[in-house]
Every structure is written in structure tokens, then in C-alpha cells.
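Notes follow the structure.
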Amino acid sequence: MDTKIIKTLVKKEMLDVLRDKKTVIMMLVVPILLYPLIFIGAMQVVAMVSSSMEEQNYRIAVEAEDEGAILHELTKYDDEWRDKGKESQAATDEDDGTDEPAYTITIVDPESIDDYEIALQNEELDVYIRGTVQDGRLQYDVYYISSVTNSSYAMNIVMDVFDEYQEELTRGKIKDAGLDIHEILEPIIYQNQDTASNEQSLGSLMGSILPLMLVISLVMGTMYPAIDTTAGERERGTLETILTLPVTNRQLIVSKFLTVAVIGMVSALLNIISMGGIAVYMYKVLDMQTDVAGFDLGKFYPAILVGILTIFAFSLFISAVTMCVTSFAKSYKEANNYITPLMLVVMFTGYIGFIPNVELTQTMAMIPVANICLLIKNILVFKIDYMIIAMVLISNIAYAVFAILFLSRIYDSEAILFGDGKGGLQLFERRENLQKGGVPTAADVWFVVALTIVLVIYAGSMLQLKFGLGGVFGTQLIILLVPLAVVLYTKKDIRQTYGFHPAGVRDFAGAFFVILGMYPFNIVISYALISLFPQSADNVVTTFSSILDGNVVSVFLVIAVAPAVCEEMMFRGLIYNSMRAKYRVSVAIAIVAVLFGIYHMSLVKFIPTGLLGLMLCYVAYRTGSIFPSMMMHFINNALSVVVSYYPEKIEKMFPILYKESMPVSDALIFSGVGLVLLGIGGAMLRGKNVPSK
């Protein structure tokens, strides 16, 4: 690859990007100016709010049968707070003659209040206390409004008063009984000893906040240059000019990626410097205002070095991903819309740093965004595992390479580069402007998938909790009707979209042997996954058992027939045929398999259902019809129902299925049987003429 050409292209891309004021603002203004202002401003606001709350006058009304006891305690508490306020003023400002307390309590006569609830709602009163005698004991009810800040704060003051009053009465009764107060109230002495160093405490605090802010700022830093070098250039009409030059697509995409990656790294470095400056500032302020032992900032240098390396690796990954996303957009505005879901995914994944007891395992080290957040969190508390660090770095670089390769394929496709009309979102177009025929666009399909999954999670879960087996059927109707409504609205060809083409006897026979061959393989895989994730497996069994509350016929209809129709129409019909119109067959099948595994929302079921979805899609491809895959889906689910309803008979016939673990010899036998059956089914399907796209 000619490096001279790449250097020239990078220089050109850099000049184009840096001419955009938005990019410069996101690179320089946000990290250098905005972050310090946000942190310092937030600290000032918190201090002002706290000071304001402590300088309020809180109005409390008391109506109690206690001979004025609680009134006396409130007055005493108020006087004590006034004395503390005077001492604080004397200590902090000797020349200031004011001696105002932090807050005051005003006792309101309850007879002056017609209705305490109205008074609380109108904020004429902050707290109303009612005391009555119940079974010889005083019972106080404290009325307040939690949604009103002053009322909530006044309630906390009242609770402190009650705690002190109760302790005082308790000590008095023990003393009157002639007992030792400390022996009764404090039979043991204990105190906590935090062995964490000051550096670890500071690192723990920073480790929860900084990773999320860093990954979000990196997405924002790479977002605008990525948009400018892809959708922006397409909108300006300069991309066609570049493609007429003697440069290859790979040189072009490498130069664009290097431009975005360099800007991302600079943005990352500026973010680290800015946040580091904020941390040093907070440390200096804390050091001047408190007597706690200082922090040795030198101990953070290794963590900072590793953090910079990981952030740079993440910059490569996120730059490639943002370019992949924005490359599908035809305009700057459309690219901004495409970036929004990516930003949301990064934000939600970045919150993993706030979740307690989430460890950076070897598995987590392979999950993008989460691995960066957890690694930064770990190194800030000096948990350094070089193997994990290497895995995080290598995985991010590997993902970046895969994204670049995918990006190069995008630029190799003129249909995707210049827009072929097959990927646009037509669902929100006016219906009279849509043409009849064809299959839904890829954008429409992705929207349908997202909408359907959300409805299944919320509406489907509620239906299943309320109606059990009937709710499962309702969930299947959601999977059927939501995509069908989109197909009808966009005037697509139902027969072509769902693959309603005739299939012969040989098609069904081949599909039958394929599903029988898949069953042994899925049993072997399920045993392996159950041993790795036993808790997830128990949840699956519990969930499935909870819906088997009807007679066997209704269960067969809901568990076997309904998914065979509804899920197949969505996955092997709508999704597969729409994706096949846009991508190669192998890519379309892979997308459907992954989505089918994700749809079942179980770690244990992801691989088996994904493989099942792969084979169902392959059969739909080989036969050119959805009907054989429907039959396969029905057989698979029907076997599960039979096993659940007649476990004793199945155990007598196939005792190997009920062992706690599967020996290697049994796994090999099952795999061998599965291969033979798959071979028979594949041979029967191999000669089938597949309809063209």
C-alpha cells in the first residue's frame, strides 16, 4: 500500500475536518472548558443548596398528649443548633458580628390551622406532629410531603429530635433502675477500621465516574469527524471526485479511519488531562480544608499510563464503529440520527462501572465498552492483572480491525456508497408515495425488530404474568401482527416477503432429517452450557415449567404451533428475505441466526437457538419456501413439550437425557448420530433449485 498516497489523503481529510467548527469545539472546548465548569459549578451548586437548606426557617406544628414534652425537645434542639451556629461563626469569621444559626425552627400553634393537609400542600407548614396515647404508650405520627424539599428536610430534623429524645428517656429509665447505662446500652464495643489507603479510596470514587465520562466524550469526539468524512463528504458531492483519482478504496478508507482515529486520540488525551486536572484540584481543595492524610499522586502514574493505552485502543475501536454507522447515511442530518442509538448503547453499557460486584473477568474483557470501564475502574484501585489488560487491549484493536474490514466492504459496494434505495426507512413515508411490491427495506426491518422485542419484553411479560399460557399466545400474536402491519402499510408483496412458495415432498423430508440431526447437537451444547451457567439454566426450566398449566392440546397449540407460524414468519420470512435483498445469502442467514438467539433472551439458550435459527434459515434458502422451516420449528418445540409432559416415559426410553452431566463418549455418540442425520437431510436438499433474488 502506497504510504505517500495515504499521507496525502490523511492531510486532505484533516484539513476538511478541522475546517468544521463543531469538530474543533468537541475536541477543545468540551474537555478543556466545559468539564471544569461542570465539576466546579456542580460543587458550588451543591454547596449553595446545602447552605440554603440549613439557613431555612422550618415551621412545625405539634398537637400531642405529652404535656409539651416534644415541644420542649424541639425548642432545646433549636437552641443547641443556634449555639453550634455561633461557635461555627466565631471559628470561621471572627470579625463578622453576625451570630445567625444555620436554620431556625418556628413552632406553629395547631389551633391556627384549619386543615393540616391543606397547610402542608400549600407549604404554609412543613411538618405536622400528632401524638396520642396507645396502650399506655405515646405514639407520634409525623406528617410531611416528601415531594417538597423543605418539608422533607424538616422531617429529618424532627426524626433527629425523636432519636435524641428516645435515647434520653431510655438512659433515664436505666439510671432510675440502678443499672449501668453503658453495660445495658453498649454490651459490646466495636468500630470499623478501613484498611484501604487514601489512594484506593480516591481511586474507587473516580473509578465509578471517570470511565463513563471518558467513553461518552470519546464517542462525541469521534462522532463529528466520522460524520464529516463519510456522510458529510457524500452530501457535499466530493466523494465521487475522490473516487475518480488513482487511489484504491482501501487507501481511501484507511486515510479516513486514520483521520478520525487521530482526532479521537487527541480528544481522549485532552479529556484525560482535563479530568486529571479536576482530580488534582479536588485533591488540593480537600487537602486544604481537612486534616486527613494526603494522597501520593505518584502511585497513580502506572494506572494513568495503562489508562492512556486502553483509551487509545478504545479510540481505534469507537472510531471504526462510528464510521461504519455514519457510512450508511446520505446526509449530515441523517448521520446524526444514526449516531444517537450508538450513543445510547455506549451510555447504558458504560453504567456498568456503577454496578457493585461486577468483576472484570476474562469473559467481560471481551465485551466492548464494558471492558474499558471495568479496566479503568480496576486500575484506579490498583487491581492490575496483566493478562486481563492484554485481553482488553487486543480485543479492542481486533474489533477495530474487523470494523475497518467491514467498512472497506461498504466502500467496495457502490449500491451502499451511493444509496440504492433498498436501505431507507419507508415506514414513516406517506403511504401514497410508496410503490407496491418487493420486500421491506433493511431499515424498516431493523425498526420492526427493535419495536417487536421491546413490545415482547414489556407487553409480552405482562401478558404472561397475568394470563400464563394465554399470555404466551398473546406474545406470539405480537410477533406476528407487528411485522405484518408494517408489511401491509408499506405495500410490500406478502408472498415474496414471507416466502410463501410451494415446497415438495423432498423438501419436507430433507427438513425432517435436518431437524432430527440438530436435536442431538443441541443436547450436547445444552449440557456444556448448563455446566457453565447453572443459574441461567434453572431460570429457563422454571420459566418453561410455569407456562405448562394447561392441557396437552392447548400447550401444543401455543408452544409448538404458534411459534412455528409466528416466529418463522418474522425471522425466516420477513427478516431473512429483506436482508437477502440487501446482503449476500451467508450474511443474511448469519443476521437471522444471531437475532433469533438474542430474541430468546437467555444465555444458556443463545447458542442452541442461534444454531437452530441458522439451520432453519439454511433450509428456507435451499427450498425457497418457509413451509419446511415451519415444520422443523414445530417438531423442535413439540419434542420439548413431550419431554416436559411425559418425563418418566422419556427417561425409560432415553435415560442418557436425564444424566446430571454428559460423558465425552456419550457426547461423541450424539454428535455422530447428528452428523449422519444432517448429512442425509443435506443430501436431500442439495439438488434443490434455489430461486434467484
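Results, tabulated for the structure shown:
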item	result
Selection within the range 118-153 - outside any strand (DSSP E or B) and charged (D, E, K, R)	Glu123, Glu124, Asp126, Asp135
So Met347, is it closer than 25 Å to Phe447 by Cβ and either open to solvent by less than 50 Å² (accessible area, probe 1.4 Å) or in contact (Cβ under 8 Å) with a residue 12 or more places away in the chain (or both)	yes
Ala683 loosely packed, with under 15 Cβ neighbours inside 10 Å, in a helix (DSSP H, G or I) and of a type outside the set (D, E, K, R)	yes
Every residue from the range 498-515 that is of a type in the set (D, E, K, R) and under 11 Å from Val619 (Cα atoms)	Asp507
Number of positions in the range 316-326 that are open to solvent by 10 Å² or more (accessible area, probe 1.4 Å) and closer than 12 Å to Phe257 by Cβ	4
Top-ranked residue in the range 100-112 [being open to solvent by 40 Å² or more (accessible area, probe 1.4 Å) and assigned to a helix (DSSP H, G or I); ranked as farthest from Tyr58 (Cα to Cα)]	Glu111
The range 554-601, residues that are surrounded by fewer than 19 Cβ atoms within 10 Å (Cβ to Cβ) and in contact with a Ser or Thr (Cβ under 7 Å, 6 or more places away or on another chain)	His600
Sole residue being in a loop (DSSP other than H, G, I, E, B), at pLDDT 85 or above and over 30 Å from Thr361 (Cα atoms), chosen from Val445, Val472, Val439	Val439
Qualifying residue in the range 421-428 (condition: within 28 Å of the chain's Cα centre (by Cα) and modelled with pLDDT of 85 or more)	no
Residue among Ala329, Ala313 that is open to solvent by less than 20 Å² (accessible area, probe 1.4 Å) and in a helix (DSSP H, G or I)	Ala313
Tally, over the range 450-491, of residues that are open to solvent by 70 Å² or more (accessible area, probe 1.4 Å) and more than 26 Å from the chain's Cα centre (by Cα)	6
Identity of the residue in the range 183-207, assigned to a helix (DSSP H, G or I) and over 18 Å from Gly276 (Cβ atoms), that ends up nearest to the chain's Cα centre (by Cα)	Leu185
Odd one out for Met662 among (1) in a helix (DSSP H, G or I); (2) under 20 Å from Tyr527 (Cβ atoms); (3) in contact with a helix residue (DSSP H, G or I) (Cβ under 7 Å, 6 or more places away or on another chain); (4) open to solvent by 20 Å² or more (accessible area, probe 1.4 Å)	(1)
Test set (1) assigned to a helix (DSSP H, G or I); (2) modelled with pLDDT of 90 or more; (3) loosely packed, with under 15 Cβ neighbours inside 10 Å - Gly510 fails condition number	(3)
Residue list for the range 113-154, filter: under 17 Å from Asn57 (Cα atoms), open to solvent by 40 Å² or more (accessible area, probe 1.4 Å) and of a type in the set (A, V, I, L, M)	none
Unmet requirement for Glu124, which otherwise passes all of (1) at pLDDT 65 or above; (2) over 49 Å from the mean Cα position of the chain (by Cα); (3) among the charged types (D, E, K, R)	(2)
Residue among Asp194, Asp180, Asp160 that is in contact with a helix residue (DSSP H, G or I) (Cβ under 9 Å, 6 or more places away or on another chain), within 30 Å of Ala370 (Cβ to Cβ) and open to solvent by 20 Å² or more (accessible area, probe 1.4 Å)	Asp194
Filter result for Met159 (at pLDDT 85 or above and hydrophobic (A, V, I, L, M, F, W, C))	yes
Long-range neighbours under 8 Å by Cβ, at least six apart or interchain, first residue under 18 Å from Gly681 (Cβ atoms) and in contact (Cβ under 8 Å) with a residue 12 or more places away in the chain within the range 632-643, second open to solvent by less than 30 Å² (accessible area, probe 1.4 Å) and of a type in the set (D, E, K, R)	His633/Glu567; His633/Glu568
Residue in the range 266-305 that is modelled with the lowest pLDDT, counting only those that are open to solvent by less than 60 Å² (accessible area, probe 1.4 Å), among the hydroxyl-bearing types (Ser, Thr, Tyr) and within 33 Å of the chain's Cα centre (by Cα)	Tyr283
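Each row is one residue, and each column tells you yes or no for (1) open to solvent by less than 30 Å² (accessible area, probe 1.4 Å); (2) part of a helix (DSSP H, G or I); (3) among the β-branched types (Val, Ile, Thr).
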residue	(1), (2), (3)
Thr609	yes, yes, yes
Met615	no, yes, no
Val619	yes, yes, yes
Arg622	no, yes, no
Phe634	no, yes, no
Ala638	yes, yes, no
Glu648	no, yes, no
Leu668	no, yes, no
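The values are calculated or read from the model by the stated rules, or taken from the named source; none is laboratory data. All figures in this text were calculated on a predicted structure; none of them were measured in a lab. So basically every Cβ, Gly included, is an ideal-geometry build from the backbone, and we count neighbours across all protein chains shown. For the accessible areas, the whole protein counts, side chains as well, though only heavy atoms, and no ligand, DNA or RNA atoms are used. Shrake-Rupley method; radii C 1.70, N 1.55, O 1.52, S 1.80 Å.
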